[in-house]
Amino acid sequence: MSVLIDTVAWVRVENGRILCARPRGKDVFYIPGGKREGQETDLQTLLREVEEELAVAILPATVSHMGTYEAQAHGHPDGVVVRMSCYAGEYQGTLTVSSEIEEMEWFSYADRPLVPPVDQLLFDDLKASGALA
């Protein structure tokens, strides 16, 4: 039996680079976002997680679905799969790491090895579309 970790991620690409964040105590960077709580919608999860991690407000009217990816979850036993529903959207505020985030970086495709398998799938699609340098 497989276990599914259901997550929502904010895809922010500027100048051919994608915003990634490394949580405290983790050895890899992730696309900002996180796990759904209770009966939250994707949009509710996205708004809450991004505000918690990066202290900015996503503008709901600008949010668009970019794709959903599934892969083996990084650092979990075999059979644990993460599903990442990806959304783009504009934001208000200044990107600032919160207490749960150690650092944030703007990654190009060359940084792909620094992110987990599910994020690598997104990197591949962004590279293929010409969005990621």
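Tell me the residue from D125, D119 that is more than 17 Å from F29 (Cβ to Cβ) and either touching a residue at least 60 places away in the same chain (Cβ under 8 Å) or not small (G, A, S) (or both), please. After applying the criteria, what remains is D125.
May I ask you to verify whether V56 is open to solvent by less than 60 Å² (accessible area, probe 1.4 Å), farther than 13 Å from W10 by Cβ and of a type outside the set (D, E, K, R)? First the steps, then the outcome.
Numbers: open to solvent by less than 60 Å² (accessible area, probe 1.4 Å): yes; farther than 13 Å from W10 by Cβ: no; of a type outside the set (D, E, K, R): yes.
No; evaluated as a whole, the condition is false for this residue.
Applying the condition of being of a type in the set (K, R) and surrounded by fewer than 17 Cβ atoms within 10 Å (Cβ to Cβ) to the stretch 1-45 and asking which residue is farthest from P77 (Cα to Cα) yields R24.
The number of residues in the stretch 86-113 that are under 15 Å from H74 (Cβ atoms) and open to solvent by 80 Å² or more (accessible area, probe 1.4 Å) comes to 1.
Among the residues of the stretch 102-120, not a single one is more than 22 Å from L132 (Cβ to Cβ) and modelled with pLDDT under 95.
Please count how many residues of the stretch 114-127 are farther than 14 Å from V11 by Cβ and either small (G, A, S) or open to solvent by 70 Å² or more (accessible area, probe 1.4 Å) (or both).
Residues of the stretch 114-127 farther than 14 Å from V11 by Cβ: 114, 116-117.
From the residues that got through so far, the ones that are either small (G, A, S) or open to solvent by 70 Å² or more (accessible area, probe 1.4 Å) (or both) too are 114.
Of the residues in that region, 1 qualify.
The values are calculated or read from the model by the stated rules, or taken from the named source; none is laboratory data. Values in this document were obtained by computation on a predicted structure and should not be read as measured data. Positions of Cβ are generated from backbone atoms using ideal geometry, with glycine treated the same way; all protein chains shown enter the neighbour counts. Accessible surface is based on the protein model in full, side chains and every heavy atom, while ligands, DNA and RNA are left aside. Shrake-Rupley method; radii C 1.70, N 1.55, O 1.52, S 1.80 Å.
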